[in-house]
Every structure is written in C-alpha cells, then in structure tokens.
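The structure appears below as structure tokens.
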C-alpha cells in the first residue's frame with residue numbers, strides 16, 4: 001500500500017461541501033461520507049477534485065478519500081476531514097464564554 005499523506009481540504013460553499021484532494025497518476029479516488037452515526041457510504045467512484053457534495057447541506061458530514069490502482073486494488077486513503085457543528089465556530093474562544 002502506498003502512503004497517501006496529502007491533506008484533504010473541505011470547504012463550505014453555497015452549493016454544498018467542496019472536497020479538494022490530490023489524485024496521483026495511475027490511481028482512482030473514491031469519496032466516502034458519514035452523516036452523524038450512520039454507516040460510511042461511498043458517494044463517488046472515480047471522483048475528480050474538486051468534488052462537490054450537494055446532498056449534505058445542513059448536516060455535519062465526515063469524509064475520506066480512498067485510492068485504488070488501475071487493477072482496482074486498495075492503495076491507500078486520506079485522513080478524515082469533518083465539518084464543524086453549525087452552532088459552534090471551528091476555533092472557539094473560551095475567553096468569550098462569560
């Protein structure tokens with residue numbers, strides 16, 4: 001298995017959640033999503049970057065990208081990326097709670 005350590009970037013855009021990830025030559029990317037406590041679901045086979053997930057608006061999904069080689073064998077995956085809960089900022093400041 002190859003190490004895929006490149007960071008996956010996740011952005012909230014007006015149309016949904018945009019996922020940016022590298023796709024090395026000779027590999028295919030599959031995008032997986034989890035909504036809350038549901039099971040992981042492959043939402044795109046042979047995905048291109050940037051990938052736009054329009055179905056997850058209003059939720060706080062988690063994503064990862066899994067890579068396969070040209071024979072379909074698993075080659076690696078990225079780390080998880082998550083959206084922040086809508087009620088909380090991504091970098092809370094504990095000084096403003098009083």
Exercise. Looking only at the stretch 39-60, which residues are over 18 Å from residue 74 (Cβ atoms) and either at pLDDT 90 or above or in contact with a strand residue (DSSP E or B) (Cβ under 8 Å, 6 or more places away or on another chain) (or both)?
Worked result: 39, 48, 49, 50, 51, 52, 53, 54, 55, 56, 57, 60
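Taking residue 88 as the residue in question, decide whether it is touching a strand residue (DSSP E or B) at 6+ places or on another chain (Cβ under 9 Å), more than 16 Å from residue 9 (Cα to Cα), modelled with pLDDT under 90 and assigned to a loop (DSSP other than H, G, I, E, B). It would help to see each step written out before you state the result.
Details: touching a strand residue (DSSP E or B) at 6+ places or on another chain (Cβ under 9 Å): no; more than 16 Å from residue 9 (Cα to Cα): yes; modelled with pLDDT under 90: yes; assigned to a loop (DSSP other than H, G, I, E, B): yes.
Against the criterion (touching a strand residue (DSSP E or B) at 6+ places or on another chain (Cβ under 9 Å), more than 16 Å from residue 9 (Cα to Cα), modelled with pLDDT under 90 and assigned to a loop (DSSP other than H, G, I, E, B)), residue 88 does not qualify.
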For this session: For residue 36, indicate whether it is on the phi > 0 side of the Ramachandran plot, modelled with pLDDT of 85 or more and surrounded by fewer than 12 Cβ atoms within 10 Å (Cβ to Cβ).
Result: no
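The values are calculated or read from the model by the stated rules, or taken from the named source; none is laboratory data. Keep in mind it's a predicted model, so treat the numbers as computed, not measured. We place every Cβ from the backbone using ideal geometry, glycine too, and count neighbours over all the protein chains shown.
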